[in-house]
Amino acid sequence: MAASLVGKKIVFVTGNAKKLEEVQGPVLVEDTCLCFNALGGLPGPYIKWFLEKLKPEGLHQLLAGFEDKSAYALCTFALGTGDPSQPVRLFRGRTSGREGVHFLPESGLPELLLSPLRYAEMPKAEKNAVSHRFRALLELQEYFGSL
């Protein structure tokens, strides 16, 4: 895969499935999951739809009967060369929230309980030390550095 990427432009594709068909070359896709240990890893990649249907209160109710409220966030970057004969490479970063999740009052979005500070309040170095996305990007950076 490495030789097939050197000197090529990589396109970051968002939620537009048709865009991927148009690219005909290297592509990088990112997905983030929120997984509750008590629910066997659910909702995982379906967190957006769980929140749309259940709202934060519904997620609280789902977990109410479980002692374990811990969760983890998983970020995955998938890199494809555009050549169907080449495997897609995955780069993952994981952050565990031992105390579970709280929901941001302004947006209702979930955030792992990692420290007394929210991600937005943490200094950049502290946030990057615990960020699932940053950890995945470090793996990706290492891979690109090896090309």
Of all residues in region 129-143 being touching a Leu at 6+ places or on another chain (Cβ under 9 Å), at pLDDT below 90 and part of a helix (DSSP H, G or I), the one that is farthest from Ala78 (Cα to Cα): Val130
Residue list for region 61-93, restricted to those being closer than 23 Å to Glu139 by Cα, modelled with pLDDT under 90 and not in a loop (DSSP other than H, G, I, E, B): Ala71, Tyr72, Ala73, Gly80
Residue list for region 21-47, restricted to those being assigned to a helix (DSSP H, G or I) and either modelled with pLDDT under 65 or of a type in the set (D, E, K, R) (or both): Glu21, Glu22
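Rundown of residues vs (1) within 21 Å of Phe134 (Cα to Cα); (2) touching a strand residue (DSSP E or B) at 6+ places or on another chain (Cβ under 8 Å); (3) free of Cβ contacts under 8 Å to residues at least 40 places away in the same chain, yes/no style:
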{"site": "Val29", "(1), (2), (3)": "yes, yes, no"}
{"site": "Cys35", "(1), (2), (3)": "yes, yes, yes"}
{"site": "Pro45", "(1), (2), (3)": "yes, yes, yes"}
{"site": "Lys53", "(1), (2), (3)": "no, no, yes"}
{"site": "Gly58", "(1), (2), (3)": "no, no, yes"}
{"site": "Ala73", "(1), (2), (3)": "yes, yes, no"}
{"site": "Thr76", "(1), (2), (3)": "yes, yes, no"}
{"site": "Thr81", "(1), (2), (3)": "no, no, no"}
{"site": "Arg94", "(1), (2), (3)": "yes, yes, no"}
Which numbered condition Ser96 fails, given (1) modelled with pLDDT of 85 or more; (2) under 27 Å from Leu28 (Cα atoms): (1)
For Val13: the one exception among (1) surrounded by 15 or more Cβ atoms within 10 Å (Cβ to Cβ); (2) modelled with pLDDT of 70 or more; (3) over 18 Å from Arg135 (Cβ atoms): (2)
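What number of residues in region 19-43 are within 19 Å of Thr76 (Cα to Cα) and in contact with a helix residue (DSSP H, G or I) (Cβ under 9 Å, 6 or more places away or on another chain)?
Going through region 19-43, the residues within 19 Å of Thr76 (Cα to Cα) turn out to be 20, 26-37, 40-43.
Restricting the remaining residues to those that are in contact with a helix residue (DSSP H, G or I) (Cβ under 9 Å, 6 or more places away or on another chain) gives 26-30, 32-36, 42-43.
Final tally of qualifying residues: 12.
The values are calculated or read from the model by the stated rules, or taken from the named source; none is laboratory data. Bear in mind that the values here come from a model prediction, so they are computed numbers and not experimental data. Methodologically, a virtual Cβ is constructed for each residue, glycine included, from the backbone with ideal geometry; neighbour enumeration extends over all protein chains shown.
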